[in-house]
Amino acid sequence: ERAAAADPIKTYEYLAFDLPVVGAGIRPPVDGEGLVRVARDAEGFVRAVESAAASRPVQASQRRAFAAANTWDRRVDAILRILETDEP
């Protein structure tokens, strides 16, 4: 399935705005697994939304920190470092 291999960019935007994220048919971004809930069916989606809403104040700083660590500027810097050092 294509969606399972995608990196949903909207996820980073929602986290940057300190919004809890619930998805279906997606995988959470790498290192963001604890911040993004994934539902497999309608009942699971309702439970995930309720859980995400309850987590909003608790995970606020984690969501913002994750988003800040995943900006385009940071990604470009990481790519440039790899190219300069020839390390994977």
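The values are calculated or read from the model by the stated rules, or taken from the named source; none is laboratory data. Fair warning: this is a prediction, and the values are worked out from it, not measured in the lab. Because the Cβ atoms are built from the backbone with ideal geometry, glycine has one as well, and the counts that use them run over all protein chains shown. For the accessible areas, the whole protein counts, side chains as well, though only heavy atoms, and no ligand, DNA or RNA atoms are used. Shrake-Rupley method; radii C 1.70, N 1.55, O 1.52, S 1.80 Å.
Observations, loosely collected:
- With both labels modelled 7 Å from their Cα along Cα-to-Cβ, the R56 to I9 distance reads 2.7 nm.
- Difference of contour (0.36 nm per residue) and Cα-Cα distance, F45 to R64: 4.5 nm
- Fraction of accessible area attributable to carbon and sulfur, region 30-84 (%, probe 1.4 Å): 58 percent
- Estimated at the nearest 10 Å², the accessible area of R27 is 150 Å² with a 1.4 Å probe.
- In plain terms, the bigger the Kirkwood radius, the slower the diffusion; for the chain, with that radius from Cα pairs, at 37 °C and 0.692 mPa s, Stokes-Einstein puts D at 233 µm²/s.
- Using the 1.4 Å probe convention, the accessible area of the chain works out to 72 Å² per residue with neighbouring protein chains retained.
- FRET E, pair T85, D18, Förster distance 35 Å, beta-carbon r, rounded to 0.05: 0.50
- Rel. contact order, % - alpha carbon contacts under 8 angstrom, at least six apart, the chain: 28 percent
- Nonlocal amide H pairs with V21, under 5 Å, H built at 1.01 Å: R37
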